[in-house]
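Working notes for the structure below.
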2 protein chains.
Amino acid sequence: MIEDKNPKRTPLSELGEFKLIEHLTNHFEINQKSTVKGIGDDAAILSFEDKDLVISTDLLVEGVHFDLSYVPLKHLGYKAVMVNLSDIYAMNAIATQITVSIAVSNRFPLEALEELYAGISTAAKLYNVDVVGGDTTSSTSGLIISITALGEVEKGNQVLRSGAKPNDLLVVTGDIGGAYMGLQILEREKEVFKVNPQSQPDLSMYTYIVERQLKPEARKDMVELLKQLDVKPTSMIDISDGLSSEVIHLCKQSKVGVDVYENKIPLDPQVIATCEEFNIDSTTVALNGGEDYELLMTISQEDYPKIKGNPNLSVIGYMTEERKGMHLVTRAEEKIPIIAKGWNALNNQP
Amino acid sequence: MIEDKNPKRTPLSELGEFKLIEHLTNHFEINQKSTVKGIGDDAAILSFEDKDLVISTDLLVEGVHFDLSYVPLKHLGYKAVMVNLSDIYAMNAIATQITVSIAVSNRFPLEALEELYAGISTAAKLYNVDVVGGDTTSSTSGLIISITALGEVEKGNQVLRSGAKPNDLLVVTGDIGGAYMGLQILEREKEVFKVNPQSQPDLSMYTYIVERQLKPEARKDMVELLKQLDVKPTSMIDISDGLSSEVIHLCKQSKVGVDVYENKIPLDPQVIATCEEFNIDSTTVALNGGEDYELLMTISQEDYPKIKGNPNLSVIGYMTEERKGMHLVTRAEEKIPIIAKGWNALNNQP
């Protein structure tokens, strides 16, 4: 499906490990004040002065987390960074550095790795994070990307999953379900392509949801917005595995219950239209879809006037006593228990 | 070669991703003052106060960096931690935290991952580092381990690769070449086992070198010793790829030359004996072997009295002007150029 516009294929073995790492990383700039020394020694040196440091790590595996038959390598590099930054923003912190490790089989030419690193580099620049370290090695099969992200937060300003209280409002940023429906479109086109490799897919009707899947944006802007609005959430998590799974995390770690209102869940019209086309329930997609990388948070009722009417923040429910349990209140005003059916990397094994 | 003493095999899919992570990580203790919050949120929270932070990351891939036919999983977990801590000590820092990400195919039962984590846990306890995060996911083929290590160092106390000056002494800790010869023994026994699976290998003659390969120790003790001796090296690196490769790194980054004396390179008698048995030149093994995880450093001549006679520290040469080049001075007093032939993960592709 993806045309190879670059006919040049330089085998990785031509460079060797050290030269490859140097070639891929020598253009990374250092912009963060906290980066004392970046790539080029046994370790990077960082200095966070009076701030606290947050750190998170994720592993993306070809064939499990991504399918190179429809994911361009540049987008993959970008998304791999987003997945990690999203965890940092979910702590109410600002991302400052990443390390990037790649294992790659020799079926990839140098030019493919350059594409991947171009995406990583673009993401790093846009989100103002320094790439301070990494490892590049061979793999016996596919491509594996391991990123560790660091961020800084004023002492006491971090937001955990465990701080929600009964009566707090449950708030979600942006809209959800798009990334999952984008994946359905891409999977469908892949099947069409298998049958007829000459077909030219028209994805213009699905631009938004396909981009949500291929090139998600971590919500740094929402951390900045919350600061502007002077709202410190009582708890927060990023939506990587689906709304229901993340709601359960907040409830369990905060020891509270929740009522989520089906009619308040923010859905893009393209998500609704595509759900109709695929004959899938859009609420199911929103609850279990995953990969939206929006932020889910609870805020105190006192803060409601500060967020009221803001198009980026939707109140979708409120927290209750733990003993009341976790429920979805449907459009028909039925209460049904929320169960995690989020995307599970270990059950999706080939 | 390795007997399966544990007949219980619980499929990973029985637990699911969240429960698996919880099961594997719930016993990790937090001991470091700088760990504010460990595993269990979107990110860990750390606080380094007035110290600088160093960070390093490594990726280990089955079939490239290790062979499970003779590496017990517990040893592998231990070694994976050592490989990373070694980079931290090479900065003259003390390791404080690690994050551990694992991708694993479903041919591994839960009990295998428990073994791996037991090794990680043992290493973390012995070296006093907190395991503060990680990711566990499936892979389409083998086992991949990605560890990021953090350490702390008093501001200004870090030692880079770039600080060596002409006339500085080149010093190596412990002895080298053992890990490589241990690997030769294990590879030989693997071939014997293939021909005759009933054979019981007698490795008692090779205990030291096999242990150097399977269960290396990172030289935290040497960082402590240097502090006791009040010696701050002018440059330092850990020996992961072989002495020649690391010497070249120090010289290039410090813009100096070097004379290394063949007869000063510290070799264990078992390395010498095994080299004779395999009919390999022991100096070649020391120069190109790799995986010893000793520290290679340069120190000012003024500090020589402080290290003189210490059995842990061997002076093996001295730094020269850059234009004089990098040479090995042989036992026959010939000068031959030092060339990197270190182990290269990208040329060792299957």
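Computed from the coordinates by the stated procedures, all read-outs in this text should not be read as laboratory data. Everything numeric here is computed off the predicted structure, so don't read it as measured data. Note: ideal-geometry Cβ built from the backbone for every residue, glycine included; neighbour counts use all protein chains shown.
Peptides B:275-283, B:109-117 ordered by packing proxy, namely the average of other Cβ atoms within 10 Å per residue, highest first: B:109-117, B:275-283. The charge dipole of chain A, taken about the Cα centre with unit charges on the Cβ atoms of Lys, Arg (+1) and Asp, Glu (-1), comes to about 360 debye, rounded to the nearest 20. Take each residue of peptide A:129-142, count the partner chain Cβ atoms within 10 Å of its Cβ, and average: the result is 6. In terms of packing, defined here as the mean over residues of other Cβ atoms within 10 angstrom, the peptides A:89-101, B:136-148 line up highest first as A:89-101, B:136-148. With its label point put 7 Å out from Cα toward Cβ, B:Arg188 sits 6.3 nm from the same residue's point in the other copies, in order from shortest. Reported to the nearest whole Å, the Cα centre-to-centre distance from the range B:307-332 to the range A:167-195 is 61. Using C-alpha pairs under 8 Å with a sequence gap of at least 6, the mean separation divided by the residue count of the range B:12-153 gives a relative contact order of 39 percent.
Would you mind checking the pairs A:Lys308/B:Lys33; B:Lys51/B:Lys165; A:Lys220/A:Lys324; A:Lys51/B:Lys125 and listing those with alpha carbons more than 30 angstrom apart? Check vs 30 Å cut-off fails for A:Lys308/B:Lys33; A:Lys220/A:Lys324. Full extension of the chain segment joining B:Asp281 with B:Glu224 gains 17.2 nm, where the gain is 0.36 nm per residue of separation less the Cα-Cα distance. What angle, in degrees between 0 and 90 and rounded to the nearest 10, separates the Cα long axis of helix A:73-89 from the longest principal axis of the Cα atoms of chain A? It is inclined by approximately 40 degrees. With the cut-off at under 15 Å, measuring from each backbone N in the range A:216-247 to a point 7 Å along the Cα-to-Cβ line of A:Thr122 picks out A:216-218. Since only A:Ser300, A:Met222, B:Leu110 are under comparison, the one whose Cα sits farthest along the positive direction of the charge dipole of the protein assembly as shown, derived from C-beta charges on Lys, Arg, Asp and Glu, is A:Ser300. With neighbour counts taken as other beta-carbon atoms within 10 Å, the residues B:Tyr304, B:Tyr261 rank, fewest first, as B:Tyr304, B:Tyr261. Modelled spin labels at B:Lys324 and B:Thr140, positioned 7 Å past Cα toward Cβ, are 5.4 nm from each other.
Could you tell me which of rounded, prolate or oblate describes chain A, using a ≥ b ≥ c as the square roots of the eigenvalues of the alpha-carbon gyration tensor, with rounded for a/c under 1.5 and, failing that, prolate when a/b is larger than b/c and oblate otherwise?
It comes out oblate by the Cα gyration axes.
Grouping the Cα pair distances of the protein assembly as shown into 10 Å bins from zero gives a pair-distance distribution of 3, 14, 24, 25, 17, 10, 5, 1, 0, 0 percent in increasing distance order.
Taking every residue in A:34-42 and counting other chain Cβ atoms within 10 Å of its Cβ, the average works out to 6.
Just how many % of Cα pairs in the range A:169-337 lie over 19 Å apart, if you round to the nearest whole percent? I get 58 percent for the Cα pairs in the range A:169-337 exceeding 19 Å.
In loop segments of the range A:174-271 as defined by DSSP, the trypsin sites (Lys or Arg not before Pro) with at most 15 further C-beta atoms inside 10 Å of their C-beta are A:Lys255. Between 0 and 90 degrees, the angle of helix A:110-126 with respect to the longest Cα principal axis of chain A falls at about 40 degrees. For B:Asn31, the distances from its label point to the matching points in the remaining copies are 4.0 nm, ordered from shortest, with each point set 7 Å beyond Cα toward Cβ.
Below 8 Å between Cα atoms, with a sequence gap of 6+, how large is the relative contact order for chain A in percent?
22 percent.
For the range A:1-106, what class follows from the C-alpha gyration tensor (a ≥ b ≥ c being the square roots of its eigenvalues): rounded when a/c is under 1.5, otherwise prolate if a/b is larger than b/c, else oblate? Note, shape of the range A:1-106 comes out oblate. Counted residue by residue at 0.36 nm each, then reduced by the alpha carbon distance between them, the extension gain from B:Asn26 to B:Tyr208 reaches 62.1 nm. Sorted from closest to farthest, the other copies place their A:Pro109 label points 4.6 nm away, with each point set 7 Å from Cα along Cα→Cβ. Taking the charge dipole of chain B about its Cα centre, with +1 at Lys and Arg Cβ atoms and -1 at Asp and Glu Cβ atoms, the residue from B:Phe278, B:Ile145, B:Ile88 reaching farthest to the positive side is B:Ile88.
When B:Val61, B:Val71 are sorted by how many other C-beta atoms sit within 10 angstrom of their C-beta, beginning with the fewest, the order is B:Val71, B:Val61. Summarising the label geometry, the points placed 7 Å from Cα in the beta-carbon direction at A:Lys194 and A:Ala332 lie 3.6 nm from one another. Counting only residues at least eight positions apart within a chain, or on another chain, the lysines with an alpha carbon under 25 Å from that of B:Lys194 are B:Lys5, B:Lys74, B:Lys215. Which FRET efficiency value, to the nearest 0.05, is calculated for B:Asp50 and B:Lys264 with the Förster distance at 41 angstrom and r the Cβ-Cβ distance? Given R0 = 41 Å and the Cβ-Cβ separation, E is 0.55.
Spatial offset of the range A:229-299 relative to the range B:46-89 amounts to 36 Å, using the alpha carbon center of each. Compared with the dominant principal axis of the Cα atoms in chain B, helix B:243-254 is inclined by about 70°.
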